[in-house]
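Asks: Here it is, the structure, as structure tokens.
What follows draws every value from the coordinates through simple rules; no lab data is involved. On a predicted model such as this, the values are computed, not experimentally measured, just so you know. Reconstructed Cβ throughout: ideal geometry from the backbone, glycine too, with neighbour counts over all protein chains shown.
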């Protein structure tokens, strides 16, 4: 077994930034692919919604974890 080292506030900030960039890239690339495939933007967004909701929930958890970490310091 490996020991887990505590995550720093800076590492959490970096992870949050990466998730935010991934979220935007996912939306942009999916909508561009839908456009090329001549699918409606609405249909593409509906298909994306569960993934975006999951990402948003994870982002919120990470933000709360970071807030709790910085509040306790």
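Asks: Rounded to the nearest 0.05, what FRET efficiency is calculated for residue 58 and residue 8 with R0 set to 22 Å and r the Cβ-Cβ distance? Intermediate results must be reported in sequence, preceding the final value.
Replies: On the way: r = 19 Å, r/R0 = 0.84.
E between residue 58 and residue 8, to the nearest 0.05, is 0.75.
Asks: Still on this model: Between residue 25 and residue 37, what is 0.36 nm times their sequence separation minus the Cα-Cα distance? Round to one decimal in nm. Intermediate results must be reported in sequence, preceding the final value.
Replies: On the way: separation 12, 0.36 × 12 = 4.32 nm, distance 1.79 nm.
Between residue 25 and residue 37, full extension yields an extra 2.5 nm.
Asks: Something else about it: Report, in deg cm²/dmol and to the nearest 500, the calculated mean residue ellipticity at 222 nm for the chain, where each DSSP H run with n ≥ 4 adds -39500 (n - 2.57) and the sum is divided by the residue count.
Replies: Only helices count here, giving -29000 deg cm²/dmol.
Asks: Something else about it: From the P(r) of the chain, can you give the percent of Cα pairs sitting at distances over 17 Å?
Replies: Numbers: 1446 of 2628 pairs.
Beyond 17 Å sits 55 percent of the P(r) for the chain.
Asks: Now, a different point. Relative contact order (percent) for region 9-71, with alpha-carbon contacts under 8 angstrom and 6 or more residues of separation? Intermediate results must be reported in sequence, preceding the final value.
Replies: On the way: 24 pairs, mean separation 33.3, N = 63.
With pairs under 8 Å counted, the relative contact order is 53 percent.
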